[in-house]
């Protein structure tokens, strides 16, 4: 899609460097001259927002690691030391803890946009699978980071989640013992989680590079879900996409700053300001909000092994969407029936998130089972069937036709106004 770079270095140094390491041409062709569909909307800015938030998490995490002590008897106090004694330590910690929430919020919107506009369809299957791998790495990294403050909720969340591995036949107990580093959650567990929490963000960054590479090979999808015609349907990435992305990033940062400076602990749990105590179990153990839909699925299944399997399946199935969705039309804009089921699916996921925050009893369990069943029915039954029974709307002949009043359907022809020519 990006084609041969037209980058021409001006300074003698850049000419010398470009002849030996053409990094300037790579950057220019990838982020300046890269052809971008002209009809991208603000939902496409969340990829850039995610890259920005990953950088924030890595930078703040590295600085926090300089002051954190990964020892069961000192971890809680070291976090308080960061908050009270380190210059701007409170800001660093709130940037990092609320940054995790903003990271997942942007990720869920990014996934929903991909599902709505069919960004996982041919030829972007590998791009989508890499995105699911990034999501899995984010889940693991976020969970291990949640354990590090070593408060009550951190300790018991680690106990509950690591115990899930014991449900795996034959190897489960060995896996749990390795994670714990002993016979219960303790100092070796904290050290393992600290090491992995520090390492995994750099692994995520590496997979993100592959994700962007795959994007530039396959090209960007667009709201119309049709292939862009070079010149007619595309504009250079800079300044068109960069200005739009920068504006919406600024809007997103306003929300981020509001949480940091006004309600920094709103998304956390008050029990995590109590030092970890293995002898006192919290009344209601809950993970961070971004895990709640999957936590509800886990608790909805009576069997421990069944719950673990359904939990893993709920995420892994997302990687198979390119093959589960049998429709030849990408965008939900031209799929009226799919669009209705998509929003029902989104409502079900939000409902699971609410149920995951409630005690596992009574009507909450029944509702969680119903929504869990719908989650899998949508992915395994409805999505494949829609491709056969749905009648999509006619597709426009081009992106330019799609954004004009009375856009032409596929197969039709007509003049493109001068103002819409690239």
- Note on the structure: Ranked from fewest to most other Cβ atoms within 10 Å of their own Cβ, 85, 227 fall in the order 85, 227
- Task: Please identify which residues in the stretch 89-110 have an amide N closer than 16 Å to a label point set 7 Å out from the Cα of residue 59, following the Cα→Cβ vector.
- Result: 89, 91-100, 103
- Message: Which residues among the stretch 55-78 fall inside the zone where the amide N is under 20 Å from a point 7 Å beyond the Cα of residue 184, along Cα→Cβ?
- Response: 71-77
- Task: Using only Cα atoms, locate the centre of the stretch 1-69 and the centre of the stretch 228-286, then give the distance between them in Å, rounded to an integer.
- Result: 21
- Specify the angular offset, from 0 to 90 degrees and rounded to the nearest 10, of the alpha carbon long axis of helix 89-116 from the longest principal axis of the alpha carbons in the chain. 50
- Rounded to the nearest 500, the 222 nm mean residue ellipticity computed for the chain from DSSP H runs (n ≥ 4, each -39500 (n - 2.57)) alone is -19000 deg cm²/dmol
- At 1.002 mPa s and 20 °C, Stokes diffusion of the stretch 1-134 via Kirkwood alpha-carbon radius, µm² per second: 115
- Message: Helix 152-163 against the longest principal axis of the chain: what's the angle in degrees, Cα atoms only, rounded to the nearest 10?
- Response: 80
- Note on the structure: D (µm²/s, integer) via Stokes-Einstein for the chain, Kirkwood Rh across alpha-carbon pairs, 10 °C, 1.306 mPa s: value 66
- Message: Give me the extension gain from residue 163 to residue 112: residue separation times 0.36 nm, minus the current Cα-Cα distance, reported in nm with one decimal.
- Response: 15.3 nm
- What angle do you read, to the nearest 10 degrees and between 0 and 90, between the alpha-carbon axis of helix 362-377 and the longest principal axis of the chain? 30
- Report the extension gain between residue 232 and residue 41 in nm, rounded to one decimal, defined as 0.36 nm multiplied by the number of residues separating them, less their alpha carbon distance. 67.0 nm
- Query: Stretched out fully, how many nm does the piece from residue 16 to residue 171 gain, at 0.36 nm a residue minus the Cα gap?
  - Reply: 50.2 nm
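Each reported figure results from applying straightforward, stated rules to the coordinates on display, with no laboratory input. Computed from a predicted model, the values in this text were never measured in an experiment. In this analysis, Cβ positions are derived from the backbone assuming ideal geometry, glycine residues included, and neighbour counts consider all displayed protein chains.
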